[in-house]
């Protein structure tokens, strides 16, 4: 098979030939590059070549990058193709525009070569991981709608809080929050931070770079911020970004804001509980390891003492010849040493029961931790 056929295909759409030439040089080692000079040509070539990903400038004639991205996302055959948009500016409005049209990547000009390569690789990795996540999401969505038909909004809140108790990681807690959003008929992104572990998920799977950038930008705002039909809920460890608040129903919109705030606050409390459990688990592991080490060291020391005493007795007997002692003198010295050893052994025997109990405790603790 030809080497070019093994490389993922990237469609590069930009009306500036110098930019296309620069990006081609940066990427053609690892990717097969197809070029288009405007959005309409990009549409045509996307349908012809079915690329692994698309890189498109926002400002273009005929059809700009936003329009091209939306047309790809709305195309049944191309909808899973990740699109990275390029812009000369980066601010919340621009990120939200990229987010609204379904862009999965964003980069500013002038292009940083290392950043471009990293983000392209990440987009392709996310595409593969999302494919694996689809079946889980479909099952969760089906279950969520079934549950929604049998309970009210308050029931959804209560059951979600109950399910938090079974969540032991950032990923599990994020999944429960997304399930609740689905039950409310909402679409969005949830992020949970537990220590150094961060899970940012949307209904299609792991959040894209654009989704993560948007949720971080909105996290700099107040705890609850609503702009048109978009709502941001921010707690130190919990972040929710909702895209489709029912603004045409003010009463329901208000209820949902309250429900989401309660869920976020409850999830925040559960994060504290997870951190505490992790700390306790870490302490238990360290304690078990320390007890195991003490048990092994004490048993090893007892064996060494027995060997050392035997060696000492042999050395003492061998030295008697050089000292020219009588049999009575030799026996007296041996008796002194033997009696001293017996007295010492008696104290060791008193500790034997405690040693056996320590070994039993260590085994039980290790079994519990495993």
On the basis of being surrounded by fewer than 16 Cβ atoms within 10 Å (Cβ to Cβ), within 27 Å of residue 169 (Cβ to Cβ), in contact (Cβ under 8 Å) with a residue 12 or more places away in the chain and touching a helix residue (DSSP H, G or I) at 6+ places or on another chain (Cβ under 8 Å), does residue 197 make the cut?
yes
For region 103-115, state whether one or more residues are under 20 Å from the mean Cα position of the chain (by Cα), assigned to a helix (DSSP H, G or I) and either closer than 30 Å to residue 20 by Cβ or at pLDDT 55 or above (or both).
no
Are there any pairs with C-beta distances below 6 angstrom linking a residue in region 269-286 that is closer than 18 Å to residue 162 by Cα to a residue that is in a helix (DSSP H, G or I) and modelled with pLDDT of 85 or more, with the two at least 6 apart or on different chains, and if so which?
270/164
Which condition breaks for residue 205 when tested against (1) in contact (Cβ under 8 Å) with a residue 40 or more places away in the chain; (2) over 23 Å from the mean Cα position of the chain (by Cα); (3) at positive phi?
(2)
Taking residue 132, is it closer than 22 Å to residue 101 by Cβ, under 19 Å from the mean Cα position of the chain (by Cα) and modelled with pLDDT under 85?
no
How about region 265-278: which of its residues are in contact with a strand residue (DSSP E or B) (Cβ under 7 Å, 6 or more places away or on another chain) and surrounded by fewer than 21 Cβ atoms within 10 Å (Cβ to Cβ)?
268, 275
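The values are calculated or read from the model by the stated rules, or taken from the named source; none is laboratory data. Just so you know, these numbers come straight off a predicted model, no measurement behind them. For neighbour counting, all protein chains shown are included, and Cβ atoms are generated from backbone atoms with ideal geometry for every residue, glycine included.
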